[in-house]
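The structure under discussion appears below in the form of structure tokens.
We did not get these values from a lab; they are worked out from the coordinates using the rules stated. Note that the coordinates shown come from a computational prediction; the quantities given were computed from them, not determined experimentally. No Cβ is skipped: glycine too gets one built from the backbone with ideal geometry, and neighbour counts run over all protein chains shown.
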Amino acid sequence: MNAAVGGVLAPSPARRASRDLEVALLVTLPAAALVSSVSTPAAIGRLVGPCWVHVLTGFPCPTCGITRALVALARGRWWAAFQVQPLITIAATLAVLYMPWAAGVLARGWPPLRIELRGPKRRALRWSIVGAVLINWAYLIRAGV
């Protein structure tokens, strides 16, 4: 339900949160692509620093390789990105594919794409995500990323 604020109809909190996601995608992804395309993985790595899990244990953490994968994606090298960090490559690709719809949500008032699951389906989705992260992590360890 919308509430009047100063005589103007304000969007509901759910609608505002939805718009925040679309704005974040439309601002963050192009900015990250620009930085990644004009920089090198080594330069970004110096800025971000080493992975402490990898330094301390010798094994990659579940997020190791994200910087290299995003730089490869920004340079149009999808397969190289996938080999370094498969899960983030798929997630980033889906986010980029969603961007035109996100622009329509903001500019044209299209309904946002949302998945609402309850009960066993919601638990199954959560466990599927946990499983995907664990499989991705096992791949990173095996590949020596």
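In table form, for the structure just shown:
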quantity: Fluctuation leader among 88, 129, 115 - the chain, Gaussian network, Cα springs under 10 angstrom; calculated: 115
quantity: Relative contact order [Cα under 8 Å, 6+ residues apart], the chain, whole percent; calculated: 26
quantity: Dipole moment magnitude, nearest 20 debye, segment 12-143 about Cα centre, only Lys, Arg, Asp, Glu C-beta charged; calculated: 340
quantity: Percentage, to the nearest whole number, of Cα pairs in segment 15-79 over 14 Å apart; calculated: 66
quantity: Residues 89, 28, 67 arranged by fewest to most Cβ contacts within 10 Å; calculated: 28, 67, 89
quantity: Helix-only [θ]222 nm of the chain, DSSP H runs n ≥ 4, -39500 (n - 2.57) each, per residue, nearest 500; calculated: -23000 deg cm²/dmol
quantity: Selection from 59, 44, 27, by position along the positive dipole direction of the chain (Cβ); calculated: 59
quantity: The chain: translational diffusion in µm²/s, Stokes-Einstein, Kirkwood Rh over Cα pairs, 20 °C, 1.002 mPa s; calculated: 121
quantity: Rounded, prolate or oblate (a/c below 1.5 giving rounded, otherwise prolate when a/b exceeds b/c) for segment 45-100 by Cα gyration tensor; calculated: prolate
quantity: Residue 97-residue 54 FRET efficiency (beta carbon distance; Förster radius 25 Å; 0.05 resolution); calculated: 0.25
quantity: Equivalent-ellipsoid semi-axes of segment 67-143, from the Cα gyration tensor, Å, largest first; calculated: 26, 22, 6
